[in-house]
Amino acid sequence: MPELNYFLDSLEPHIDESILELKKELGLRDKRQVKALKFLLCNLYAYKKRRILVSRRRVSDVSEARNPQEIKYGSLNTAQDVLIEHKYVEELERGDFKKNLKTEITTTDKLLQWFEEHNWGNDNVDIANAQYVTLREPKQFREDKPPYLDYEDTEYSIWLSNKLEQYSDLLNASTLEVVDADGNFIKGYSQLVMQRKFIKRKSDKYDYTEFLFSGRMPGSWCNMPSEDRQNNIRINGDKVVEIDRPASHINAMYEVVTGSPYQEGYPYDLVVDGVKILKHIVKNASSIMQSTETPVDTARIVGRNYSKKAKEKNAKEKHIKAYQEYLDFMKEHKKTTLTRIIEVFLDKHPQVRDHYLKGKVYGDIIRCWEADIVFEVVMKLTELGIPTLTVYDSFIVQQQYEGLVNELIENTSYVNRRRLNDDALKASGMFSLVGSS
């Protein structure tokens, strides 16, 4: 469900007039509360009939750049409370900010009628002063919610913001909906601000922070099960298909380091001492050792992750099946240890082996490579006027564009758009990359 969008605003005079009228009914006098009321109403209109997550904190947990209207949390809570009191908003579930749990609210029929009576329309609420590139502190603990940071723009961040704005504009000009099994409307996606979310990393070893760590671009549809995304999302009324980048993690490494994906078959095919290894075991080990430092640590985490996913509440059938296959395989092939599998895998990939087992920070660099390559495809589709929703390393598009997207995935290469030279790369603990100068 959506959270409050801090970039929604309206410059329409009749919208301001309607809010001035409503403030009298609600008994609001403070200008900061009226500004918070307008901000909240813009969100309620944009996400009408949907559940919205709002914070009850008294202290802002967003940076100045992500709160351009300078909405004060105390005023926001007051505006929310009076809307609930006057039956314009329904509080569905009260959150606990001490546990990072937000409150769920939604519009009532009374508010929907008020919008209609005061001529609120889709063209009246728009995105203003959006921040398309974000930077936050690294996450320290599982329950941690690191703050977003203000930053000074660079040539790269300005370029990237412009491209993300074009992408967001295309999505907002498209009809993006979720329907049920009978094709009935459930919800829509609108007023989107697509962001590349980077992490600030700085230590004795890594002292270069040019938007180089992570940089993924999540959307709320990422939380939907894969099957539901393919069956229930509609783009401009059309059914969709979700297309994965093949062997995305390791191929991103190859594309950055060598200039092309792995050329000798499927990179996760592996035979160890005459034993063919299950592909998902190899893939999991490869993914995990992008952020670990030793084969022993990798082996331990691989087994733990299989168990965790299979035993969590409402575990997916595929995770339960994969865990059982993992247990059966390791029991049947006791001499084929995970550390031995890792050793043979690294021997198979000498071109990129030095980029493995370099720790969590370097893993964020590799994830950034992958996100960069995904965004290259997004830019090409945007230039063609074809809307796409990304899910990390996959693309959701209308079915008629499946062939085109597969072709773009195959032919789109990594581009060193940050123009990092070898000195900058070495400052980050990296090696020379394709296109560096």
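Tabulated values for the structure
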item	result
Subset of segment 376-397 (residues that are more than 17 Å from residue 175 (Cα to Cα), outside any loop (DSSP other than H, G, I, E, B) and touching an Asp or Glu at 6+ places or on another chain (Cβ under 8 Å))	391, 394
Of all residues making up segment 27-50, the number that are touching a strand residue (DSSP E or B) at 6+ places or on another chain (Cβ under 7 Å) and farther than 14 Å from residue 69 by Cα	5
Selection count, segment 318-369, where residues are assigned to a loop (DSSP other than H, G, I, E, B), out of contact with any Gly (no Cβ under 8 Å at 6 or more places or on another chain) and on the phi < 0 side of the Ramachandran plot	10
Residue list for segment 272-288, filter: part of a strand (DSSP E or B) and either free of Cβ contacts under 8 Å to residues at least 12 places away in the same chain or not aliphatic (A, V, I, L, M) (or both)	276
Test: residue in segment 385-399 that is surrounded by 18 or more Cβ atoms within 10 Å (Cβ to Cβ), of a type in the set (A, V, I, L, M) and out of contact with any helix residue (DSSP H, G or I) (no Cβ under 7 Å at 6 or more places or on another chain)	no
Options 328, 393, 364, 372; residue that is acidic (Asp, Glu) and touching a Lys or Arg at 6+ places or on another chain (Cβ under 6 Å)	393
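Computed from the coordinates by the stated procedures, all read-outs in this text should not be read as laboratory data. Because the structure is a prediction, the values reported are computed rather than measured. Quick reminder, even Gly has a Cβ in these numbers, built from the backbone with ideal geometry, and neighbours come from all protein chains shown.
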